[in-house]
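Just below is one structure, and these are the notes that go with it.
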Amino acid sequence: MTNAHTIIITLIATIIGVTPPTGTDQQDVEPALAPLTVVGASAEQQKTLDDALSLFEQAGLELPPLIIEFADTTDSCDGYYGLYRTETEDTPAAITICHWLRLYLLHELAHAWDHHTLTDATRQRFLKYWGLEDWADPNDEWGDRGIEMAAHSLAWSLTLTHPATNPDILQYVCGYQLLTGNPLPNPELRLDHCDDGSPGS
């Protein structure tokens, strides 16, 4: 890491109130929380966001720097309940939330985690697991896109606090370990229904 990079990281850490790691032994250093900019959040929405971020942190799922904006109508989300935009050369990745339900916030945060973390090899294994052809072809139906199945797998797996019996939910939970390499975040959940290697069995 160059001195210039170190100075930039130190400045960012100072602004957000995080002590930057020092030294070269990264194994002994806890990763700093990613810088976040929150726009338009009510007190209730901020609490929902804090809870959602805490679920990702507790599960060891690292998020990139993000701008998170709360909107009043779905117009800001192109008609959807939430929208994730990847980073550009000048701006970090951004999430717009147009619905109060926490599941949609977790879903969009999962898109950010996917874009920041997943390898093409993991994506291909996930596509094969679901029997899908493409990760993010906009011409495919929502349920035929690996990117949406992955986001819902994380969202449902993080939000569930007790075993589910709904097969439509269970099929998403089945993919969590394949995506993350981690056991399900809640020890009450079981993967017995996934033992044959296909979603929701």
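The values are calculated or read from the model by the stated rules, or taken from the named source; none is laboratory data. Since this is a predicted model, take the numbers as computed values, not measurements. Here Cβ is always computed from backbone atoms with ideal geometry, including for glycine, and neighbour counts include all displayed protein chains. Accessible surface is based on the protein model in full, side chains and every heavy atom, while ligands, DNA and RNA are left aside. Shrake-Rupley method; radii C 1.70, N 1.55, O 1.52, S 1.80 Å.
For the reader, a short list of remarks on this structure follows.
- Every residue from the range 78-106 that is among the hydrophobic types (A, V, I, L, M, F, W, C) and open to solvent by less than 10 Å² (accessible area, probe 1.4 Å): A93, I95, I97, L105, L106
- From N139, N182, residue being part of a loop (DSSP other than H, G, I, E, B) and under 16 Å from L55 (Cβ atoms): N182
- Members of the range 114-136 that are touching a Phe, Trp or Tyr at 6+ places or on another chain (Cβ under 7 Å) and not basic (K, R): L127
- Residues satisfying the stated conditions in the range 65-77, i.e. open to solvent by 40 Å² or more (accessible area, probe 1.4 Å) and either closer than 12 Å to L105 by Cβ or touching a Ser or Thr at 6+ places or on another chain (Cβ under 7 Å) (or both): I67, E69, S76
- Failed item in (1) in contact (Cβ under 8 Å) with a residue 24 or more places away in the chain; (2) open to solvent by 40 Å² or more (accessible area, probe 1.4 Å); (3) within 19 Å of A41 (Cα to Cα), with L109 passing the rest: (2)
- Selection of the range 112-121 for residues being of a type in the set (D, E, K, R) and open to solvent by 50 Å² or more (accessible area, probe 1.4 Å) yields only D120.
- D50 falls short on exactly one of the conditions (1) closer than 23 Å to N182 by Cβ; (2) touching a helix residue (DSSP H, G or I) at 6+ places or on another chain (Cβ under 7 Å); (3) open to solvent by 70 Å² or more (accessible area, probe 1.4 Å), and that condition is (2).
- Any hit, the range 130-137, residues being under 23 Å from A59 (Cβ atoms), surrounded by 21 or more Cβ atoms within 10 Å (Cβ to Cβ) and modelled with pLDDT of 95 or more: no
- From the options Q171, Q124, residue that is assigned to a helix (DSSP H, G or I), open to solvent by 70 Å² or more (accessible area, probe 1.4 Å) and not hydroxyl-bearing (S, T, Y): Q124
- Of the residues making up the range 53-64, those that are open to solvent by 40 Å² or more (accessible area, probe 1.4 Å) and either part of a loop (DSSP other than H, G, I, E, B) or charged (D, E, K, R) (or both) are E57, G60, E62.
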